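The values are calculated or read from the model by the stated rules, or taken from the named source; none is laboratory data. The model shown is predicted, which means the values in this text are computed figures rather than measured ones. Neighbour counts run over all protein chains shown; Cβ positions are idealised from the backbone, glycine included. Protein only, heavy atoms only, side chains kept; ligands, DNA and RNA dropped before computing areas. Shrake-Rupley method; radii C 1.70, N 1.55, O 1.52, S 1.80 Å.
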Amino acid sequence: RLHWQPDVIVCNDWQTSFLPILLNNIYKKNDYYKNIKTVFILHSINQYRYVSKKSYEYLGLEAPTSTIDNIEQAIKYSDYLIADNVGIQEYLNDEYSRESKFIAYGAVDIKQPNADCLIEYGLSENEYRIHLQNRQSQVPG
């Protein structure tokens, strides 16, 4: 049991994707935890999203299949979603019919890449989204 009761737990990408699942499937049955909300921030969609049935069993969770897409489960059980680029925001909406708040975290999302920008970075034009981090100091001169 926590020594304090948060109003919100913020879960940051696949590394903390078990928290919304655990909260909803185990802890919400307890009055102490039942009103806690979760915010899930999704930065990436990669192979780290998949976990084994054994991982679920270890945590006392019922595994829906032998290999689980834990990002999908976190999206399902989170109260609120944040996407750090437009591509992920669209993915959440298109794949899961879930709305999310777009917060760019100081980065610029380019939905339709500019060929000149691609050439500058030695890239070729394909069907993908580029996420460029602003590497300039945010501290005034």
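Condition (residue is within 12 Å of the chain's Cα centre (by Cα) and surrounded by 13 or more Cβ atoms within 10 Å (Cβ to Cβ)) applied to the stretch 48-59: is it met by at least one residue? Scanning the stretch 48-59 turns up at least one residue that is within 12 Å of the chain's Cα centre (by Cα) and surrounded by 13 or more Cβ atoms within 10 Å (Cβ to Cβ). In the stretch 2-19, of all residues being in contact with a Lys or Arg (Cβ under 8 Å, 6 or more places away or on another chain) and open to solvent by less than 50 Å² (accessible area, probe 1.4 Å), the one that is nearest to A83 (Cα to Cα) corresponds to S17. Within the stretch 62-88, residues that are in a loop (DSSP other than H, G, I, E, B) reach partners that are open to solvent by less than 30 Å² (accessible area, probe 1.4 Å) with beta carbons closer than 6 Å, at six or more positions or on different chains, in the pairs A63/Y56; S78/P20; S78/T38; S78/F40; D79/T38.
Taken residue by residue, the stretch 100-119 has at least one member that is at pLDDT 85 or above and either in contact with a Gly (Cβ under 7 Å, 6 or more places away or on another chain) or among the small types (G, A, S) (or both).
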